[in-house]
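Read through the structure below, which is laid out as structure tokens, and then see the notes.
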Amino acid sequence: MFIKLEPEAYRAIMSASSAEGLNRCVRVEIRFTGCCDPSLGLVFDKPGQADLVQTEDDLTIVVSPDVYALVGEVAVSYADDAERRGFIITSEKPLSEWQGFAACDIRKASGPVSGLSYEE
């Protein structure tokens, strides 16, 4: 296993995929937000031939071997409180000292999922 998916994160991903009519495959990706350190994010996508694939019930989670080599095992939880709302993604080998501080929303490969915006 390369990812630990908390139950609330699983429910949030499944809800977003159903609302958007998207496939139930999500990729762990590295995001760059301009001047900030890189961070991990989630995107609805299709598996690539070389991807590492993990299945959680009706959900497929993929990561490229390069990303996995860089960050190691990943944990995904979901926060919905006054301070932050969205996915909290941490890794075995953090990309920055700010890992887990901010929350992000899931996006489609072609752009954000409607009603959700990228916040990190």
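The values are calculated or read from the model by the stated rules, or taken from the named source; none is laboratory data. Nothing here was measured: the structure is a model prediction, and the numbers come from that model. Neighbour counts are summed over all protein chains in view; Cβ atoms, including those assigned to glycine, are modelled from backbone coordinates with ideal geometry.
Just to check your reading of the model, which residue among V76, V28, V53 is at negative phi, in contact with a Lys or Arg (Cβ under 8 Å, 6 or more places away or on another chain) and in a strand (DSSP E or B)? Quick ask: steps written out before the conclusion?
Details: V28 fails: in contact with a Lys or Arg (Cβ under 8 Å, 6 or more places away or on another chain); V53 fails: in contact with a Lys or Arg (Cβ under 8 Å, 6 or more places away or on another chain).
Selected residue: V76, the only one of V76, V28, V53 that is at negative phi, in contact with a Lys or Arg (Cβ under 8 Å, 6 or more places away or on another chain) and in a strand (DSSP E or B).
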Test for L22: is it part of a loop (DSSP other than H, G, I, E, B), closer than 17 Å to R107 by Cβ and among the hydrophobic types (A, V, I, L, M, F, W, C): yes
Selection status of T33, of a type in the set (S, T, N, Q) and exposed (fewer than 13 other Cβ atoms within 10 Å of the Cβ): no
Residue satisfying all of: in the stretch 80-120; of a type in the set (A, V, I, L, M) and surrounded by 15 or more Cβ atoms within 10 Å (Cβ to Cβ); modelled with the lowest pLDDT among these: L116
Checklist (1) farther than 11 Å from G100 by Cα; (2) surrounded by 15 or more Cβ atoms within 10 Å (Cβ to Cβ); (3) aliphatic (A, V, I, L, M) applied to L40, failing item: (1)
Residue selected from the stretch 10-19 under the condition surrounded by 17 or more Cβ atoms within 10 Å (Cβ to Cβ) and not small (G, A, S), by the criterion farthest from K108 (Cα to Cα): Y10
Residue match in the stretch 60-73 (condition: surrounded by fewer than 17 Cβ atoms within 10 Å (Cβ to Cβ) and within 21 Å of S15 (Cα to Cα)): no
